[in-house]
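S.K.: Have a look at the structure that comes next, please.
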Amino acid sequence: MKHISSLYLALFSLAAVLMVAPSRADIPIFEDKISLYGYIAGSGQQLWRGYAGEPTTSDSTLALDAAKLGLAFNFAPVSARVSFYAIGGDTWDDNDFHLLEANISCKVFDTSTITFGRFQSWIGYEAFDIPDQNFITPATTGYLGIIPTFHEGVKFESCFSGIRYGVAVVDSVYPTPGTPYRGSGDFNDGIGFEVYAKRTIKNFTGMVALGHQNTKRGYDTNNFMLVDPPDNCGAKDWVFDIIGEYKLPAAKAAFAAEFCHRTTKPKDEYVFLFTRFTTYFGMLTYKQGMSAKDTLYVRASAGRMTGKLGNIGNARTEKIIQYQKFSVAFNHALSKYCDLRAEASYTKYKSEFFGWWFLDDQEKETFLGAQIVLKF
């Protein structure tokens, strides 16, 4: 279990008080101009891992998952947000404390907004913030993951004929596992862009998003992701995401589907002579309201990464890794400021390269967990 920092304790105490406080979600500090927001979440988890030709291993944890504390400023037509994020347990990053949101927005032409600073990506259906999530674990796994994280730049959002759309110029299209809470911080290593369009027609909502970056950064041969080594090989990255959601209000149910395709093309044959990486990810989610406080979720997801070999053979495509995951979760609202959720999931892996077990010899994973989320 990781050390519980003073920030965790402070946020936990504040959130515990807010569960019984007659306040709204955002706590006003100065009239309606400045408000406080955030959450803290902790969980107990049991994990069983199965490896090729080896006995199943198990691991249990009881720890705080993450905490967020932010300030929202609203001086119309200008608004701003700044938040700090602390994460516990096993993380992508060695650092536990992060500046998350840091942006300023200006409303123009009534329906349009321009935002500068650090903000969230539009790519990905599942939420970044724990209170907005339906499951304890994400539908994706490892570097196949597509969850909207953060980068820096400028974005414009507006609405036309019922279509909500946005355009952003950013320093990195999709942050790497080493830096999921910020972009590269440097436009000199390649400027990227993101665009999206979203439309709701009666009970159906559809969204498409596209991201691209031509970067000068190099590659890490251990995880096939963008990093910052001295080598200046770089790559071209394209990400396409399509999302659909259909609600059945009378049945208190909803269906959601997502498909994401990502292509990464190194500028030279730096990683095992691969000249292209292609990632596919798909997800189906079903939501069923059982009462005013209870909700059941069922999710099926799968992903696959392939690599195209350049100078070996006839530039054939080799499978690098693939997985399938099935999850069931139950959420109960203890109060307006406190949610309790439980999840059971099973994941099957297959990682091969030239017919040999490559990145890891893990074949399967079973997860059981319970999580409490205090929010304000």
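S.K.: Of TYR39, TYR8, which residue is at pLDDT below 55, crowded, with 17+ Cβ neighbours inside 10 Å and either in contact with a strand residue (DSSP E or B) (Cβ under 9 Å, 6 or more places away or on another chain) or not in a strand (DSSP E or B) (or both)?
M.R.: Step by step, each of TYR39, TYR8 is checked, and only TYR8 is at pLDDT below 55, crowded, with 17+ Cβ neighbours inside 10 Å and either in contact with a strand residue (DSSP E or B) (Cβ under 9 Å, 6 or more places away or on another chain) or not in a strand (DSSP E or B) (or both).
S.K.: Mind telling me which of the residues THR57, THR115, THR91 ends up being out of contact with any Phe, Trp or Tyr (no Cβ under 6 Å at 6 or more places or on another chain), surrounded by 14 or more Cβ atoms within 10 Å (Cβ to Cβ) and at pLDDT below 90?
M.R.: Being out of contact with any Phe, Trp or Tyr (no Cβ under 6 Å at 6 or more places or on another chain), surrounded by 14 or more Cβ atoms within 10 Å (Cβ to Cβ) and at pLDDT below 90 holds for just one of THR57, THR115, THR91, which is THR91.
S.K.: I'd like the residue in the range 262-306 that is aliphatic (A, V, I, L, M) and within 19 Å of the chain's Cα centre (by Cα) and, out of all such residues, is modelled with the lowest pLDDT.
M.R.: So, considering only residues that are aliphatic (A, V, I, L, M) and within 19 Å of the chain's Cα centre (by Cα), the one modelled with the lowest pLDDT is MET305.
S.K.: How many of the residues making up the range 170-207 are polar (S, T, N, Q), surrounded by fewer than 21 Cβ atoms within 10 Å (Cβ to Cβ) and at pLDDT below 95?
M.R.: 2
S.K.: Check off (1) at pLDDT 95 or above; (2) surrounded by fewer than 14 Cβ atoms within 10 Å (Cβ to Cβ); (3) of a type in the set (A, V, I, L, M) for ILE312 and give me the number that stays unchecked.
M.R.: Result: ILE312 fails condition (1) only.
S.K.: Looking at the range 139-147, can you tell me whether even one residue there is at pLDDT 90 or above and among the aliphatic types (A, V, I, L, M)?
M.R.: Yes.
S.K.: Look through ASP228, ASP237 and report the one residue that is at pLDDT 55 or above and surrounded by 15 or more Cβ atoms within 10 Å (Cβ to Cβ).
M.R.: ASP237
S.K.: Exactly one condition in (1) among the β-branched types (Val, Ile, Thr); (2) at pLDDT 80 or above; (3) exposed (fewer than 15 other Cβ atoms within 10 Å of the Cβ) is not met by THR221; state its number.
M.R.: Just one mismatch for THR221, condition (2).
S.K.: Okay, next question. Where residues in the range 74-85 are crowded, with 16+ Cβ neighbours inside 10 Å and out of contact with any Ser or Thr (no Cβ under 6 Å at 6 or more places or on another chain), which of them is nearest to LYS33 (Cα to Cα)?
M.R.: ASN74
The values are calculated or read from the model by the stated rules, or taken from the named source; none is laboratory data. What you see is a predicted model; the values in this text were computed from it and never measured. Glycine also receives a Cβ, built like all others from the backbone with ideal geometry; neighbour counts cover every protein chain displayed.
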